[in-house]
1. Tally time: how many residues in the stretch 76-97 are hydrophobic (A, V, I, L, M, F, W, C) and either outside the structural domain of ALA127 (by TED's automatic domain parsing) or surrounded by fewer than 17 Cβ atoms within 10 Å (Cβ to Cβ) (or both)?
2. Of the residues that sit in the stretch 157-179 and are of a type in the set (D, E, K, R) and part of a loop (DSSP other than H, G, I, E, B), which one is farthest from GLY222 (Cα to Cα)?
3. Restricting to the stretch 220-250, name every residue that is out of contact with any helix residue (DSSP H, G or I) (no Cβ under 8 Å at 6 or more places or on another chain) and farther than 20 Å from HIS163 by Cα.
4. Do we find a residue being within 22 Å of ALA72 (Cβ to Cβ) and modelled with pLDDT of 95 or more anywhere in the stretch 178-186?
5. Which ones in the stretch 230-262 are aliphatic (A, V, I, L, M) and either farther than 30 Å from GLY201 by Cβ or touching a His at 6+ places or on another chain (Cβ under 9 Å) (or both)?
6. Tell me the helices (runs of 4 or more DSSP H) entirely within the stretch 208-262 that contain at least 2 residues that are out of contact with any Pro (no Cβ under 6 Å at 6 or more places or on another chain) and over 27 Å from ILE183 (Cα atoms).
7. Exactly one condition in (1) without any contact (Cβ under 8 Å) to a residue 24 or more places away in the chain; (2) touching a Phe, Trp or Tyr at 6+ places or on another chain (Cβ under 9 Å) is false for GLY211; which is it?
8. Among the residues of the stretch 134-179, which ones are surrounded by fewer than 19 Cβ atoms within 10 Å (Cβ to Cβ), touching a Pro at 6+ places or on another chain (Cβ under 8 Å) and farther than 17 Å from ALA87 by Cβ?
Amino acid sequence: MSATRVLYPLLLSACATTGSLGLDPQSSQHARVELTPVSAQDTAQATPRAIDPQLPSADRISHIIDARACAAMAAATATSADVSGAAHVPDHVASWFSGLPKPDAATLFRIEGVAPSVAHRREQLAAHLKPFGPVTILDETASRTLWRDIRDVKAFAVQSARHRPLWRISTAPAASHRLVDFITPAAQMFYDWAGGLVWVGMPYEDEPDAGSVRTAVAELGGHAALVRAPAAVRAAVDVFQPEEPGVRALNRRVKESFDPKGVLNPGRMWAGV
C-alpha cells in the first residue's frame with residue numbers, strides 16, 4: 001500500500017467561566033491543533049480494520065481522517081483535562097459550520113471552567129495531543145459559534161438538506177468511524193460525543209438506506225433512529241431501532257392492555273404496535 005500523506009486540523013476550545021454561569025470573554029479561547037502527516041499503511045495497522053486498498057483515493061483518505069480523529073478524541077477524553085466536548089467534522093460538511101478557520105476536516109475539543117483551571121488544562125491537553133500536532137489559539141466568538149452549530153446539527157438543518165433522510169446513530173466511539181464501511185459513500189456525516197454519536201444525512205430523499213444502517217449497528221453495536229424523512233419513507237421504515245423478539249412481544253402485550261382496539265398512534269414507533 002502506498003504511503004498517502006494526510007494533514008488536517010484538530011480544534012480545541014477552552015472556555016473559561018467566572019463562576020457557575022457565564023463566560024469570561026477575556027479568558028475564553030479556541031485552539032487549533034494540526035495533525036502530523038500519517039501514512040495509509042500506518043493508519044491501517046493502528047485501526048481495528050485495514051483501509052480497503054480498492055477504495056478510490058479520496059475515500060481512502062476520508063477513512064484515514066475519520067479513524068485518526070476517533071483516535072485523537074479517545075486520547076483527549078482519557079486525560080485528566082476534563083474535556084467537556086469532542087467532535088469531528090469531515091471536509092464534506094465543514095463548510096456549513098461557522099467558526100472553522102477554513103472549510104476543511106477538523107476535530108474539535110472543548111474545555112470549560114474557571115480561568116486558571118482552563119489555562120492549566122489547556123496546556124496539559126495540548127501536551128498530551130502533541131503526537132497529533134501543534135496548537136493554535138482561535139477566539140472565543142468562533143468557539144461559541146462553532147459549538148452552537150454542532151449542537152444544532154447545522155449541516156443538516158440547511159434548506160438544501162431538509163428533505164433528505166437523517167439518521168441519529170449511537171455506537172461505541174472507538175468503532176464509529178467504521179460506519180463508512182457499511183453505508184453509501186454518498187452519505188454525509190459528522191461525529192459528536194467523542195465519536196459516540198454520528199449524524200448521517202442520506203443523499204436522496206426517498207432512499208434512507210435503512211438496511212445498511214441496521215447492518216452497521218448490528219455489527220458495531222448501539223442503535224439508530226431515523227429522525228427525519230418524508231412521510232412516505234417514515235411509514236415504510238422502522239423509525240426506531242428494531243426490537244429483540246422478546247422485547248417486541250412484551251411491548252405489544254403492554255400496548256394491547258391499555259389500547260385493545262389499537263387506536264392510539266398505531267405503528268407510530270414500531271410496526272404492529
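1. We begin by selecting, within the stretch 76-97, every residue hydrophobic (A, V, I, L, M, F, W, C); these are 76, 78, 81, 83, 86-87, 89, 93-94, 96-97.
Then drop every residue that is not either outside the structural domain of ALA127 (by TED's automatic domain parsing) or surrounded by fewer than 17 Cβ atoms within 10 Å (Cβ to Cβ) (or both), which leaves 78.
Number of matching residues: 1.
2. In the first step, residues of the stretch 157-179 are kept if they are of a type in the set (D, E, K, R); the result is 162, 164, 168, 178.
Filter once more, keeping what is part of a loop (DSSP other than H, G, I, E, B): 162, 164.
Values: ARG162: 25, ARG164: 23 Å.
Checked the stretch 157-179; the qualifying residue farthest from GLY222 (Cα to Cα) is ARG162.
3. Matches in the stretch 220-250: GLY221, GLY222, GLU244, PRO245, GLY246, VAL247, ARG248, ALA249, LEU250.
4. Within the stretch 178-186, the subset within 22 Å of ALA72 (Cβ to Cβ) is 178-181.
Checking which are modelled with pLDDT of 95 or more leaves us with none.
Looking through the stretch 178-186, none of the residues is within 22 Å of ALA72 (Cβ to Cβ) and modelled with pLDDT of 95 or more.
5. Of everything in the stretch 230-262, those that are aliphatic (A, V, I, L, M) and either farther than 30 Å from GLY201 by Cβ or touching a His at 6+ places or on another chain (Cβ under 9 Å) (or both) turn out to be ALA249, LEU250, VAL254.
6. Details: elements: 210-220, 231-236, 245-258.
In the stretch 208-262, the matching helices (runs of 4 or more DSSP H) lie at 245-258.
7. Among (1) without any contact (Cβ under 8 Å) to a residue 24 or more places away in the chain; (2) touching a Phe, Trp or Tyr at 6+ places or on another chain (Cβ under 9 Å), GLY211 violates only (2).
8. Scanning the stretch 134-179 gives a single hit, HIS163.
The values are calculated or read from the model by the stated rules, or taken from the named source; none is laboratory data. Keep in mind the model is a prediction, meaning the values are calculated, not measured. Cβ coordinates were reconstructed from backbone atoms using ideal geometry, including for glycine residues, and neighbour counts include every protein chain displayed.
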